[in-house]
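Novice: The structure under discussion is supplied below as structure tokens; questions concerning it will follow.
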Amino acid sequence: MILWIIAISAVLAVLFLATTKSSLNLYLAAMMGKKQSEHFEKKIVWIVGASSGIGEHLARHIASFQDVRLILSARRVAELGRVRGILIDTLRMSPDRVEILPMDVTELEKTPEVVKTANEIFGRPVDIVILNSGRSQRSAFCDVTPEVDLDCFRLNALAPTEIARKQLPFFLASGGGQFVVVSSMCGVIAAPLSPSYTAAKHALMGYFRLLAVEFCDRNVDVSIVCPALTFAPNNVLNAYTGKPSEKHGEVLTQKTPRHMSPELCAQLICSAAANRLAESWISQTPPVLLVAYLVLLNSDIFLG
């Protein structure tokens, strides 16, 4: 009987890994969990990093929910205007339900004022903050300068954490809220040629795991979502190298079989948020998820 249970479990595990594009908790939530519309309707959602890629498609996806209000933030104001135009002209979102709030997240000294403005735009505090800003890397470990490490940490780890610190009082005063943190599979498993980025995403997840523990009894939810390769050309084009002020510069024009579409990625992120999953993983290629589970199992065995 035990052998039968083991055999069936092994077959189910193989079938899951052969067909899934997410970790098991998100896979089940997407199939049987809470509907996204029930979670996002009538909410004020602030997307930080909304000018392209995953952030843009999060805005497009969330715009379809009834009476949702969106705040779009990023450095590139013109691109935010383009995204807002798509929401209004193509997706028929009412102009008074989507606002642009320019923000350079690395200017930490300006974060308090921007957060204050975000919570005043629609006359009441924000309900959900999606922290999506970031910049990847392509560089060998030994080629990275300290300046790149510092810049990468400031953008990918410290900036989202500082936004959360300044947003928390608004959440607590209004009875609660949710942070949706778009991390990376690099925060779970080490990615070759991305040393600073991998370390920064590990740090980002450490900050928000702790935030979730400290405020779990105050109605503050934290959902960390870790996508693997997603088709976002600007992410590769603007990636850090090992040298300060240098961009990788690779032009990505076509989605490969290893890349998830930003549309699907956005849908899965919203499903994770709707079901308040503490942490979930997303990948177009299931072997990445298998490696993540093996890393997790290895940590439990040797650290548990």
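The values are calculated or read from the model by the stated rules, or taken from the named source; none is laboratory data. Please read all numbers here as calculations on a predicted model, not as lab measurements. Note that each Cβ is placed from the backbone with ideal geometry, even for glycine, and that neighbours are counted across all protein chains shown. Just the protein is used for accessible areas: all its heavy atoms, side chains included, with ligands, DNA and RNA removed. Shrake-Rupley method; radii C 1.70, N 1.55, O 1.52, S 1.80 Å.
Novice: Between THR230 and residues 5 or more places away or on another chain, which pairs have amide H atoms under 5 Å apart, with H built 1.01 Å from N, and which residues are they?
Specialist: MET260
Novice: Over the chain, calculate the relative contact order: mean separation of alpha carbon pairs under 8 Å at least 6 apart, over the residue count, as a percent.
Specialist: Computed value for the chain: 23 percent relative contact order.
Novice: Per-residue HN-Hα couplings for the range 91-100, Karplus 6.51 cos²θ - 1.76 cosθ + 1.60 at θ = phi - 60°, whole Hz, x for Gly and Pro?
Specialist: Karplus values, whole Hz, x for Gly and Pro: 9, 6, 7, 5, x, 7, 10, 9, 10, 9.
Novice: For the chain, what is the accessible area per residue in Å², given a 1.4 Å probe and the full set of protein chains?
Specialist: 49 Å²
Novice: Using a ≥ b ≥ c from the Cα gyration tensor of the range 192-248 (square roots of the eigenvalues), is it rounded, prolate or oblate, where a/c under 1.5 gives rounded and otherwise the larger of a/b and b/c decides, a/b for prolate?
Specialist: Prolate shape, in that a/c is at least 1.5 and a/b is the bigger ratio.
Novice: Rounded to whole Hz and in sequence order, give me ³J(HN,Hα) for the range 134-143 from the Karplus expression 6.51 cos²θ - 1.76 cosθ + 1.60, θ = phi - 60°, writing x for Gly and Pro.
Specialist: Result, ordered by residue: x, 8, 7, 8, 9, 6, 5, 3, 6, 9 Hz.
Novice: If the viscosity is 1.306 mPa s and the temperature 10 °C, what Stokes-Einstein diffusion coefficient in µm²/s follows for the chain when Rh is the Kirkwood radius over Cα pairs?
Specialist: 80 µm²/s
Novice: Going highest first, how would you order 290-296, 140-146, 253-259, 82-88 by mean Cβ packing within 10 Å?
Specialist: Ranked from most to least packed, the peptides come out as 82-88, 290-296, 140-146, 253-259.
Novice: Would you mind checking which residues have amide H under 5 Å from SER22's amide H? H placed 1.01 Å from N; only 5 or more apart, or other chain.
Specialist: The list, which skips near neighbours in sequence, is SER283.
Novice: Pull up all non-local amide H partners of ILE130: gap of 5 or more, or a different chain, and H-to-H distance under 5 Å with H placed in the peptide plane.
Specialist: Counting only residues 5 or more places away or on other chains, the set is TRP46, ILE47, VAL48, VAL180.
Novice: Sort 46-57, 238-249 by the packing proxy (mean of other Cβ within 10 Å over each peptide's residues), most packed first.
Specialist: In decreasing order of mean packing, 46-57, 238-249 become 46-57, 238-249.
Novice: Hey, any idea what % of the chain's accessible area is carbon plus sulfur with a 1.4 Å probe?
Specialist: 60 percent
Novice: Determine the principal axes of the Cα atoms in the range 195-304, then give the extent along each, sorted from largest to smallest and rounded to whole angstroms.
Specialist: 45, 31, 30
Novice: Of all beta bridges DSSP finds with both residues in the range 26-301, what is the antiparallel percent, to the nearest 5?
Specialist: Restricted to the range 26-301, the bridges split so that about 5 percent are antiparallel.
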